[in-house]
1. With angles folded into 0 to 90 degrees, how steeply does helix 39-65 sit against the dominant principal axis of the chain? Use alpha carbons for both and round to 10.
2. Give the residue list of GluC sites (Glu not before Pro) in region 162-213 that are DSSP loop and have at most 12 other beta-carbon atoms within 10 angstrom.
3. Among 11, 60, 270, whose Cα sits farthest toward the positive end of the charge dipole of the chain (+1 at Cβ of Lys/Arg, -1 at Cβ of Asp/Glu, about the Cα centre)?
4. Take the alpha-carbon centre of region 22-68, take the same for region 203-252, and report the distance between them in whole Å.
5. Using square roots of five times the C-alpha gyration tensor eigenvalues, list the equivalent-ellipsoid semi-axes of region 49-125 in whole Å, biggest first.
6. For n ≥ 4 DSSP H runs only, could you compute -39500 (n - 2.57) per run for the chain, divide by its residues and tell me the 222 nm figure to the nearest 500?
7. Which is farthest toward the positive dipole end of region 49-187 among 84, 160, 173, measuring Cα position about the Cα centre, with Cβ charges +1 (Lys, Arg) and -1 (Asp, Glu)?
8. Under the definition of Cα pairs under 8 Å and six or more residues apart, what whole-number percent is the relative contact order of region 82-149?
Amino acid sequence: MTFGKNIRAIATYLSVVQCMPYERLQSLFEKMFNVRISQGTLANIVREMLEKSRPAIALIERMIKASAVVGFDESGCYTNGKLNWSWIAQTTYLTLVFRGAGRGAKVLEERFGDSLKNMVAVTDRHSAYFAIDFLNNQICLAHLLRNLEYLNDIDKKQTWAKDVQTLLRGAIHLRNEKPDEVIPKDSWLTRLDELLKKNLDSLRKEFNELKRGIIRCRDYIFNFLENPAIPSDNNASERGIRKLKVKQKISGCFRSGTGADAFHALHSIADTAWKNGQSPLDAILALV
């Protein structure tokens with residue numbers, strides 16, 4: 001049986017945007033719309049939409065390659081019982097989520113090539129991002145503040161972690177007060193260096209571990225002050241990739257590579273539409 005564009009679009013929207021598993025979709029269509037549709041047909045509809053999405057995905061990828069500031073993140077993705085990795089590359093107006101075999105630098109280098117050299121990458125402190133020849137980097141201060149808060153929790157008497165937190169929050173507050181200004185970062189780095197010189201040997205080993213981590217990424221902490229286009233955190237990438245975790249929590253792992261790729265591609269289009277003030281359902285209808 002051939003189903004019309006509205007049913008195909010709604011099925012795709014509910015599967016991808018609302019993360020509904022095929023069993024629940026099948027029940028919903030029968031009970032609410034009196035439409036009998038098999039789980040296999042639902043899977044075929046989503047796979048068909050993968051093919052229809054390819055021109056839009058190619059356009060999103062080209063636009064990200066031309067972007068000056070791009071946020072990246074990665075997360076585990078089980079496909080047919082095997083661990084793959086979901087990657088996200090995103091900007092204020094674009095989202096591209098795709099599946100990779102690993103979480104190393106090679107995945108991004110193969111996908112984005114020489115365009116990486118023209119990007120400022122906003123990321124967490126995963127080592128793969130610092131093995132890539134980006135134009136520059138900005139590490140996520142939200143991650144760093146959470147790491148420091150953990151140190152505060154395990155030792156409430158020390159002040160070092162609190163002082164570093166105060167410094168980072170001060171820089172973020174200044175950027176929020178002056179969203180369009182170029183703010184020199186030298187004085188902020190000087191204050192950070194003074195904190196990094198402190199001897200933490202009397203504290204638990206976690207303090208020196210984090211201090212060494214901060215020293216390694218020291219040059220990438222305050223770049224957001226000198227370029228208003230760079231965010232101080234990578235929360236947008238985390239939000240963009242979280243939908244994949246929600247989908248897997250509700251539906252389990254993807255049963256095939258094609259099904260996983262369809263979800264990644266269609267989520268990219270739906271999230272890009274949402275970022276631009278458009279309806280994800282309308283974007284999916286446009287594909288149909």
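The values are calculated or read from the model by the stated rules, or taken from the named source; none is laboratory data. All values derive from a computational prediction rather than experimental measurement. Cβ atoms come from the backbone with ideal geometry, glycine included; neighbour counts cover every protein chain shown. To get the accessible areas, we keep the full protein, side chains included, count just its heavy atoms, and leave off ligands, DNA and RNA. Shrake-Rupley method; radii C 1.70, N 1.55, O 1.52, S 1.80 Å.
1. 40 degrees
2. 181
3. Farthest towards the positive end: 11.
4. 31 Å
5. In descending order the semi-axes read 20, 17, 11 Å.
6. After summing the helix terms and dividing by residue count, I get -18000 deg cm²/dmol.
7. Value: 84.
8. In percent, rounded to a whole number, it is 22.
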